[in-house]
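*Asks:* Have a look at this one before I ask anything.
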Amino acid sequence: METAESQRNIDLAAEVLANASTVAVLTGAGVSAESGVPTFRASDGLWEGHRIEDVASPEGFGRNPGLVWQFYNARRANVAKVKPNPAHTFLAQLEDLFPKAFTLVTQNVDGLHQLAGSRNVLELHGSLRRTRCTVCEEVRDQFLDPLAEMPTCVLCEGLLRPDIVWFGEILPQEIWLDAVEATISCEVFLVVGTSAVVHPAAGLIELAQTAGAKVVEANLTPTVASDVADIGLYGPSGQLLPQVMKRFRELKGMA
Ligand code: BV8
């Protein structure tokens, strides 16, 4: 049962969405937490028992590619078993309500937004499904099928790496520019499940506010971005966001 303040913020969030014509969203690991996908910073810097810089950096891959593939193969296997939760479903429903005026920017690599039906998804940090050859650079969608311990390229036999943006690596420029464009032109910027500490992704939040958007944050707890948010919803997003949808549909006189 929500507190009076929390209910008021749910109603406010639904109202800004009901009055908007364009919406952009930034999601992080928290939106997948209720699906059973571990977040990054819940375990104080350790991630599935590894130091993040050992398994999510080019240096770490250069030092020990076997360890990195062990880590990514485990995450691929985990994501293959999980399914979208009501927060992912909410975002897919919201996109249907804002045809051609909805952009979902995600830091996540688990593909659960697309599985939930989201279509206009910008993956800032790549995808667990894809590999990239370290020699010929061929990018291949491997789905979530199990890969070898040290998978090699079918074209040139070069060592494959995950097609994922590691720390210290530049984001895919076209995707990044599309994310910036959506951020500066939206009327409502919804931030779901991110600690807002990883840049440049986290910078989109302040950019949205500066560009005049109403910023709505939905997160388990307040974050460093909470001061920038106009409306804050704090709790599990899989529980909060369906309540926003319910109120939105009431305001729109929808069944
Ligand atoms: C770049 C792919 C430069 C990996 C990821 C100092 C040294 C070195 C670098 C830097 C530095 N300072 C800043 C940097 C830059 C660095 C950075 O930001 N570091 C941070 C840690 C300080 N950024 C980079 O390196 C980026 N590249 O800067 O390049 C450059 C420039 C020019 C030329 C060359 C290079 C690249 C960043 C991308 C790194 N890759 N992912 C993988 O996934 O395998 S980032 C990784 O963190 C994930 O993508 C993740 O999504 C992202 C952000 O984390 P969150 O999603 O926010 O997850 P987190 O666990 O932190 O938070 C979860 C939140 O959910 C919490 O708030 C929690 O309360 C909430 N939550 C939990 N449960 C729920 C919930 N909310 C709602 N409901 C729930 N049920």
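*Asks:* Could you give me the ³J(HN,Hα) list for segment 176-191, computed from phi with Karplus coefficients 6.51, -1.76, 1.60 and θ = phi - 60°, whole Hz, x at Gly and Pro?
*Replies:* 4, 5, 4, 5, 5, 4, 5, 5, 7, 10, 8, 8, 10, 10, 9, 10
*Asks:* Cα-Cα pairs above 15 Å in segment 157-199: how many percent?
*Replies:* Value for segment 157-199: 64 percent of Cα pairs lie more than 15 Å apart.
*Asks:* Going by average Cβ density within 10 Å per residue, which order do the peptides 84-94, 151-161, 117-127 take, highest to lowest?
*Replies:* Per-residue Cβ counts within 10 Å, averaged per peptide and sorted highest first, yield 84-94, 117-127, 151-161.
*Asks:* Further, regarding this structure: Any chance you could run the full-extension gain for residue 54 through residue 97? It's 0.36 nm times the residue separation minus the Cα-Cα distance, nm to one decimal.
*Replies:* 11.3 nm
*Asks:* May I pose another question? As an exercise, find the ratio Rg/Rh for the chain from alpha-carbon atoms, using the Kirkwood inverse-distance average for Rh.
*Replies:* Radius of gyration relative to Kirkwood radius: 0.99.
*Asks:* Once you have the Kirkwood Rh of segment 107-171 from its Cα pairs, apply Stokes-Einstein at 20 °C and 1.002 mPa s and quote D in µm²/s.
*Replies:* Rounded, D is 169 µm²/s.
*Asks:* Is the C-alpha gyration tensor of segment 179-255 telling us rounded, prolate or oblate? Criteria: a/c under 1.5 is rounded; beyond that, a/b larger than b/c is prolate, otherwise oblate.
*Replies:* Oblate, because a/c is 1.5 or more while a/b does not exceed b/c.
*Asks:* Test of understanding: in a Gaussian network model of the chain with alpha carbons linked when under 10 Å, which of 242, 99, 58 would top the mean-square fluctuation ranking?
*Replies:* Of 242, 99, 58, the Gaussian network model singles out 99 as fluctuating most.
*Asks:* Would you compute, from DSSP H runs of 4+ residues alone, the mean residue ellipticity of the chain at 222 nm, taking -39500 (n - 2.57) per run and dividing by the full residue count, rounded to the nearest 500?
*Replies:* Helices in the chain give a 222 nm mean residue ellipticity of -11000 deg cm²/dmol.
*Asks:* If you don't mind, another one. Heavy atoms only, probe 1.4 angstrom, no DNA, RNA or ligands counted: give me 113, 199 ranked by accessible area, highest first.
*Replies:* 199, 113
*Asks:* Taking 0.36 nm per intervening residue step and subtracting the Cα-Cα distance, what contour gain separates residue 137 from residue 224 on full extension?
*Replies:* So the extension gain works out to 27.6 nm.
*Asks:* Residues of the chain: accessible area per residue at 1.4 Å, in Å²?
*Replies:* On a per-residue basis, the chain sits at 47 Å².
*Asks:* Of all beta bridges DSSP finds with both residues in the chain, what is the antiparallel percent, to the nearest 5?
*Replies:* Rounded to the nearest five, the antiparallel share is 30 percent.
*Asks:* On the full set of protein chains, 1.4 Å probe, figure out the accessible area of residue 247 and give it in Å² to the nearest 10.
*Replies:* Here the residue's solvent-accessible area equals roughly 70 Å².
*Asks:* Percent of accessible area on the chain owned by carbon and sulfur, 1.4 Å probe?
*Replies:* With neighbouring chains kept in place, the figure for the chain is 54 percent.
*Asks:* Right, another one. Out of all Cα-Cα pairs in segment 1-142, roughly what percent, to the nearest whole number, are more than 18 Å apart?
*Replies:* 64
*Asks:* Give the distance, in whole Å, between the Cα centre of segment 2-73 and the Cα centre of segment 113-164.
*Replies:* 19
*Asks:* Something else: Calculate the spin-label point distance for residue 159 paired with residue 145, positioning each point 7 Å from the Cα along the beta-carbon direction, and give it in nanometres.
*Replies:* Taking the two extended label points, one gets 2.3 nm.
The values are calculated or read from the model by the stated rules, or taken from the named source; none is laboratory data. Just so it is clear, the structure is predicted and the values come from calculations on it, not from any experiment. All Cβ positions, even for glycine, are placed from backbone atoms using ideal geometry, and neighbour counts span all protein chains on display. With ligands, DNA and RNA removed, areas are computed over all heavy atoms of the protein, side chains included. Shrake-Rupley method; radii C 1.70, N 1.55, O 1.52, S 1.80 Å.
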